[in-house]
1. Quick check on the range 76-158: what are the equivalent-ellipsoid semi-axes from the Cα gyration tensor, as sqrt(5λ), descending, whole Å?
2. Under 16 Å Cα-Cα from K152, which lysines qualify once same-chain neighbours fewer than 8 residues away are excluded?
3. What does a probe at T207 reach in the range 236-254, counting residues whose amide N is under 20 Å from the point 7 Å along Cα→Cβ?
4. Taking the alpha-carbon centroid of each part, what is the distance from the range 78-115 to the range 209-229 in angstrom?
5. Alpha carbon centre of the range 43-75 versus the range 159-178: separation in Å?
6. Excluding L244 itself, calculate the net charge of residues whose Cβ lies under 13 Å from the Cβ of L244, where each Lys or Arg counts +1 and each Asp or Glu counts -1.
7. Which of the listed residues, A117, I237, V224, is farthest toward the dipole's positive end in the chain, when Lys, Arg count +1 and Asp, Glu count -1 at the beta-carbon?
8. What lysines sit close enough to K5 to cross-link, taking a C-alpha to C-alpha distance under 16 Å and skipping anything fewer than 8 places away on the same chain?
Amino acid sequence: MNTEKVADYIVNWLKEYVSNANLNGFVIGVSGGIDSAVTSTLCAETGYPLLCLEMPIHQSKNQVTRADNHIDWLQKNYSNVSRIEVNLTPVFDSLIAALPKVENEESRFMSLANTRARLRMTSLYYFAALQGLLVAGTGNKVEDFGVGFYTKYGDGGVDLSPIADLMKSEVYEIAKYFGVNQEIINAAPTDGLWGDDRTDEDQIGATYDELEWAMHMQDANKKVDDFSGREKEVYEIYLSLNKLNQHKMNPIPVCEIPKELK
């Protein structure tokens, strides 16, 4: 990948999009992870106003620190960057208190994790409407179109996706090109939805390098039985998630009524 040319292409794409939309700039949730760090940097590069939101919900301290440090770095390097912190922990706790108890605690924990993402989406769109901004998505290609590792109408609820055609490894290349803080580059990827330090690999059962490999194998029309050992295990994980999460990747189905019935 020609990192410089790809970065320039994305920045110009962002400029053209916001100009055509006749809006003022971008708003993004900064989590302390590599994807939001790279996306926010690309948005800052446009010269348009960029609002960075921190939206902690029982967040682990290291995630908050990395997000703070990244926004500090952005503001030192780009005059068009502003920041707001919205503490969503009380909102989240109040919602939990209002919801009825359920017997299946595992399902409840998953639902509440997704609720965190949806509360953040709501906050992003509040500021987007208030200031005439576009909500910039932070999903990469493996997450968005490989395993569907995001929350529908949560971090998947965005106006545009600047890095959704980049593999995770390519996101890291752009981070190094721009000089994103090393602590973010070194941090294990995590969605930050659980209030602890569990990583994406803990949840998925495979690394992003493995998932990228599996995505390439799917493109090559490989079958599970073409592999053995760890490769087979990874490919099974990938194909299972890819099938399970098609409802996220495909447009909302519309029940089209035959003309003769109308």
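Every number in this text was worked out from the coordinates using simple rules, so none of it is lab data. None of these values were measured; they are calculated from a predicted model. Cβ coordinates were reconstructed from backbone atoms using ideal geometry, including for glycine residues, and neighbour counts include every protein chain displayed.
1. Working: eigenvalues 147, 72, 22 Å².
Three semi-axes, in Å: 27, 19, 10.
2. Within reach: K141, K243, K248.
3. Hits in the range 236-254 for T207 at 20 Å: 236-239.
4. 35
5. Taking the Cα centre of the range 159-178 as reference, the centre of the range 43-75 is 17 Å away.
6. Around L244, the charge tally is +2.
7. A117
8. Cα-Cα hits under 16 Å: K15, K176.
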